[in-house]
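The values are calculated or read from the model by the stated rules, or taken from the named source; none is laboratory data. Everything numeric in this text was worked out from a predicted model, so none of it was measured. Every residue, glycine as well, gets a Cβ built from its backbone with ideal geometry; the counts of neighbours run over all protein chains shown. We work out accessible area using only protein heavy atoms, side chains counted, and drop any ligands, DNA or RNA first. Shrake-Rupley method; radii C 1.70, N 1.55, O 1.52, S 1.80 Å.
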Amino acid sequence: MEVLSDNNIMLSVKAGDLDKMGLLFERHHNALFGFVFRMTGQRAFSEDLVQTVFYRMLKYRHTYKGNGEFKTWMYHLTRNLIKDTFRKNNKVDYHESIGEIAKNMAEGAADEILEQQHEIEELSRMLNNLKPENKEILVLSKYQELSYKEISEVLNTTETNVKVKVHRAMKELKNMFLQKSI
């Protein structure tokens, strides 16, 4: 059985085979949730936004051209939704406590797991203190593991510009870490 590419599946959805959207959801909802959660810090809010992204993919399927990567189009829609949501809802509390997630871990977690959780929590705090554009570019490159080319398409800029922005954002994060260590 031949595995269909995301582009071919989305082109089928665009042509009216809406059942194929389920395949795209299965392939991408976890990664998309990770991106949205890292940007917003809210679990339930992120789950809702991911559902909305897939709804928008169906609603705006006619805009999908199929000449770029599906993933790029998906992240572009997601970024726009996050921006629209934050703009409309200025009073949203964007950061769910990482400590709450730790409480949901199985009881009796080893000290090693707790130490890792502390490091993740600290990194998350520092990431949340970055300028939004720096946070976004680091999440796309380091957490979502998009290539510079893919990020350049999502952000509608050049690969060189993405490389510079990632470098600057990493430098800012490193400086924050060094300031904390002093």
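What the range 1-44 shows is 56 Å² of accessible area per residue, with the surface traced by a 1.4 Å probe over protein heavy atoms.
Going by accessible surface with a 1.4 Å probe and the largest first, Lys88, Lys20 read Lys88, Lys20. Sparse packing (at most 12 other Cβ atoms within 10 Å of the Cβ) combined with a DSSP loop state is found for the following GluC sites (Glu not before Pro) in the range 129-182: Glu145. Tell me the label-point distance for the pair Asn175, Ser5, using the 7 Å Cα-to-Cβ offset, in nm and rounded to one decimal. It is 4.1 nm.
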